[in-house]
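Working notes for the structure below.
The values are calculated or read from the model by the stated rules, or taken from the named source; none is laboratory data. Owing to the predicted nature of the structure, the values given are computational and were not obtained by experimental measurement. Please note: Cβ atoms are built from the backbone with ideal geometry, for glycine as well, and neighbour counts cover all protein chains shown.
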C-alpha cells in the first residue's frame, strides 16, 4: 500500500508516494538522491544515518518515511549556507575529525543537534551525547576536539 | 631534520576533506548506473554440509528476477591470495555458515530477497570441526578432503641452539594464550557495482587493493586482466578487511556477466560479520621463554595453532608474521617456532591491521612481562635491555635500519609516569608496557614490493598525480600530495591526486603492510623528481642558466641562492615546453622497489625495506568486586621516521588504540556451532566516544634514509601490542594473568577467585 507524504528536507518541500514500509533512509538516499546520509548497521546503533527530524535526532534507518509525513528534516546536505561550510564542517576539516568519512555526516548532524540546545557543553557532555555515533577510524579524539573547538569559539 | 621541509611535516588539512564533511564523497552504495539491478546472495545455514541439489526454477520464474546463478554458472575455479582454495559459489559442499551458495539479480531489493527464498537447496549435513587443535586430530572431519589433518600450512624453523640456550637460562616462563576473532567493523560494509559490456568488465569497488582484486576477479571469471577494470569508490574504512579476500565482487561480476545488466551488491551488516571482511586470525600460542639473570632473552620456543577458517585468504601470510616478525622487535638469537594454519568450519580469517602481530604479541609481550616479574626486574628495563637497535639483523634475516625503539620506551615510560607510579603503588591499580616492530611494506606477493606513480604538470602549473594505491581513509592521498609538493617545490594547493583506477594508473599493490607512505611515497617522489628535471630543463632555456643550478620554491624557478634574481614559474615552464614545435607535456614517471628479500625455503630473508617501532604503556584500575577494568590512561609512542602529516599520523595512533582496546576488552561474538549468535552492532560492541580513556601519543625524532624525506610506515603499529599492554597492567594491578581474549570482567573475576583460593 502506498502513501502520499510531504517532507520538507533542507527547506525544500517534496511530495512523495511511498510504500508504507519504506524507510526514511531509503527515501532520502534513493528517491531524493541525498546520499550524504549513510547506512551502517540497519538497526539504529551506529548513527551513520542520523538526521534531524523537526529538530530532533533520529536514526533514519529505523524511521518509516510515512511516519515522517509533514515533518521538517535536516540532512548533511542542509548544513552550511550559500556555499559556505557550517562551522562544524570547517572544524572537522581543520582538526582532522574524520578519516574515512563514512560516519562523518552523522557525527556532524549529531554534534549540531547538541550545539543547537547547548552552546557551551562540557567535554563530558559531548562524550555522552556523541556516544551513539560509532567511528572505527579516529578513536574519537579528533572528533571531540573538532566539536569542542566550535563550542568554545 | 623536519625543519628543512616546506610542506612535509606540516599540519595540513586532508586532501578530500571538503567532500567528506559535506556528504559529497561517493562511497560504493552511492554509485549508481542507469538500469542497475540489485544482487543478493543465498548463504549456507550450515557449517559443513554436502549440497545434494539446488533448484532455482521457482526463483527464476518470479517477475522482476533477471538472473539466478549457482556454481554451475561459474568456471569452478578456486581463488585466493596465497592458496587457491575458495570457490566463487560453493561447489558440492559448504564449509562455513554464511558461505555463498547461489545469487540472484532482480529489479529491486525486495524482489531479490523474495527470489532467494524461492531457491531450494537440499543439504546433507556433515560433521563440522570448529577447534583448530581438534581439527588436527587424525580422526577429525576434513574441511578440504585433500588437506591432511586440516593443515593448510606449517612453518617450522629453528635458529641458533634453543635447547642449549634454555639450559643456560636463569629463569624460564611458560604459558598458553588464546587470541580471538576480531572483526574490522568498518562502518561501511563491503560492496561492488559491476558492469559487463563489449567483453569488458568494469567494477566499482570499495577495495584497498585494486590491482590484486583485478588479478583475482580476472582469474575467477576467466577474463584477461586487461579486460577487467577496477575503479575505487570512496572507502568507508578498510583496516585489511577490504583487500578482496571475500566473494562480494566475484558474485557481483558473475551476475553482471550473466544478466548483461549493471549489478550492485552491498553487504548487509549481518553478511559482513558472516562472510564479509575476514576477521583477525585467532591463535593458540604455547610459549616458552628463557632469560638471563639481568633480563636478557636467551631463548624462545613457540607453538602456534592458527585458525584459518574454511578458506585460506591472507592467513598464510599472517601466520608467517606471527611466527617470525617479533624477532625484529627484540634481539633474539635462539628461537624455535612450530606454527600451523588449520582449517575449521568457520568464517575464513584474514588481514586485519597488525597482520599477525596483535595475535602473537598478546602472548609474547606477556611472556616478557612474566619473565621480568619472575626475575624481580622492571619490565620497562627488560624491554629496553632487549630492544632492537640500528644494524640489528633478526635471526630470520630482517635488517633493521633506522630504529629508535629505546627512545620510544623511554618516552612512553616518561609520559605514563612509570617511575613515580611504581614507587607509589595504589591498591588495585597497575601499569603495563609492550613494544612492537612493524614493516613498511612486506615482500610476499612474488619478488616485488614496489610502487609506481605518474605526475603531470599542467600548462597552468597545476600538478596531478596518478596513483593506483588508493585512499581508504588513512590519509594516503594527502601524504602523497605533500611529498610531490615538497619534491617539486610547488604550493600544496597546486597538487591533486587521481582516484585509483586499474585502467588509468600504473600497477600498484595497494594499501596493506603499512606500505604507502614509504613505498608509494618513494614512487611519487621519484616521479616528481623526473617532472622537476623536465621543468628545469625548459626553465634553463628561458633563464639562460644550467638546469642543475636552478631550484623551485613556491612554484617559482630561479637560480639557486638568488631568489631575488631572474625567475620563471612552473606554469610558464610547463606551458612553454608544450606549446612549441615538437612540444610535449611535462610527465614524470617514478618507480621504487625497496631493498628487501622474498624469504627463502627456510623462511629467511629481509621482508621489508624499513621497520617501524613503537612502545605503549597503560595504567589501569581493576575493581576486585566486579572484575571491571578501567583504563586510566594510555600512552603510544612511535618511531615512523619523519612524520609527513602530524594530524594524519596522530589519527593513526588514536584510531589504533580504539580498535586495540576493543580487541583487548570488549570485542567478540558468541559462536554456537560455527555461527556467530548476534552478528550486529548491538552485540558486537566497538568502543564509543564515551569509552575512550585519556590518551597521549608522541613520535620520537627519527629519520629513515631510504624513506621519502625520511618517512616510513605507521598505519598498523599502534594496534599491535594493546591487548598485551592491558593484560600486563591488570597483572600489575591485581596479580592475575589473563591469557584469553577478550579480557571480560567475568574472566578477571574468575581469575581473582582462583588466586584467592590458591594464594
request  = Please indicate, with yes or no, whether at least one residue in region A:34-51 is farther than 26 Å from residue B:273 by Cβ and more than 9 Å from chain B (Cβ to nearest Cβ).
outcome  = no
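Okay, residues lined up against (1) in a loop (DSSP other than H, G, I, E, B); (2) touching a residue at least 12 places away in the same chain (Cβ under 8 Å):
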| residue | (1), (2) |
| --- | --- |
| B:452 | no, yes |
| B:455 | no, yes |
| B:461 | yes, yes |
| B:464 | no, yes |
| B:473 | yes, yes |
| B:481 | no, yes |
| B:485 | no, yes |
| B:493 | no, no |
message = Just to verify a result, which residue in region A:92-109, among those that are in a helix (DSSP H, G or I) and surrounded by fewer than 24 Cβ atoms within 10 Å (Cβ to Cβ), is nearest to the other protein chains (Cβ to nearest Cβ)?
response = A:93
query = If you take the residues in region A:110-141 that are farther than 20 Å from residue B:650 by Cα and in a loop (DSSP other than H, G, I, E, B), which one is nearest to the other protein chains (Cβ to nearest Cβ)?
reply = A:131
remark   = Note: among B:543, B:535, just one is outside the structural domain of residue B:708 (by TED's automatic domain parsing), over 30 Å from residue B:719 (Cβ atoms), surrounded by 24 or more Cβ atoms within 10 Å (Cβ to Cβ) and in contact (Cβ under 8 Å) with a residue 12 or more places away in the chain, namely B:535
inquiry  = If I filter region B:335-356 for residues that are under 23 Å from residue B:738 (Cβ atoms), part of a loop (DSSP other than H, G, I, E, B) and out of contact with any strand residue (DSSP E or B) (no Cβ under 9 Å at 6 or more places or on another chain), do I get at least one hit?
reply    = no
query = Quick one: is residue A:73 modelled with pLDDT of 95 or more, surrounded by 18 or more Cβ atoms within 10 Å (Cβ to Cβ) and more than 7 Å from chain B (Cβ to nearest Cβ)?
reply = yes
request  = Pick out the one residue from A:46, A:41 that is at negative phi and touching a helix residue (DSSP H, G or I) at 6+ places or on another chain (Cβ under 6 Å).
outcome  = A:41
key: Evaluation of residue A:48 against (1) touching a strand residue (DSSP E or B) at 6+ places or on another chain (Cβ under 8 Å); (2) assigned to a loop (DSSP other than H, G, I, E, B); (3) in contact (Cβ under 8 Å) with a residue 24 or more places away in the chain; (4) crowded, with 24+ Cβ neighbours inside 10 Å (one fails), failing number   = (1)
query = Only one residue in B:574, B:584, B:562 is assigned by TED's automatic domain parsing to the domain that holds residue B:531, in a loop (DSSP other than H, G, I, E, B) and under 46 Å from the mean Cα position of the chain (by Cα). Which one?
reply = B:584
note = The one condition residue B:692 fails out of (1) more than 14 Å from chain A (Cβ to nearest Cβ); (2) surrounded by fewer than 24 Cβ atoms within 10 Å (Cβ to Cβ); (3) in contact with a helix residue (DSSP H, G or I) (Cβ under 7 Å, 6 or more places away or on another chain) is (1)
ask   = Do we find a residue being part of a loop (DSSP other than H, G, I, E, B), out of contact with any strand residue (DSSP E or B) (no Cβ under 7 Å at 6 or more places or on another chain), at the interface with chain A (Cβ under 7 Å from one of its Cβ atoms) and touching a residue at least 12 places away in the same chain (Cβ under 8 Å) anywhere in region B:1-9?
value = no
message = Against the conditions (1) in a helix (DSSP H, G or I); (2) under 27 Å from residue B:607 (Cβ atoms); (3) out of contact with any helix residue (DSSP H, G or I) (no Cβ under 8 Å at 6 or more places or on another chain), where does residue B:512 fall short? Just the number, please.
response = (1)
inquiry  = Which count do you get for residues in region B:667-678 that are within 17 Å of residue B:346 (Cα to Cα) and under 22 Å from the mean Cα position of the chain (by Cα)?
reply    = 2
task = Given the conditions (1) surrounded by fewer than 24 Cβ atoms within 10 Å (Cβ to Cβ); (2) over 15 Å from residue B:434 (Cα atoms); (3) touching a residue at least 24 places away in the same chain (Cβ under 8 Å), report the number of the one that residue B:715 does not fulfil.
result = (1)
task = Being under 24 Å from residue B:414 (Cα atoms) and not in a strand (DSSP E or B) is the filter here, so list the residues in region B:622-647 that pass it.
result = B:640, B:642, B:643, B:646, B:647
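Conditions (1) crowded, with 24+ Cβ neighbours inside 10 Å; (2) within 14 Å of another protein chain (Cβ to nearest Cβ); (3) closer than 19 Å to residue A:97 by Cα, marked per residue:
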{"residue": "B:647", "(1), (2), (3)": "no, yes, yes"}
{"residue": "B:653", "(1), (2), (3)": "yes, yes, yes"}
{"residue": "B:659", "(1), (2), (3)": "yes, yes, yes"}
{"residue": "B:662", "(1), (2), (3)": "no, yes, no"}
{"residue": "B:673", "(1), (2), (3)": "no, no, no"}
note = In region B:10-39, anything away from chain A (no Cβ under 11 Å) and buried (at least 24 other Cβ atoms within 10 Å of the Cβ) is listed as B:37, B:39
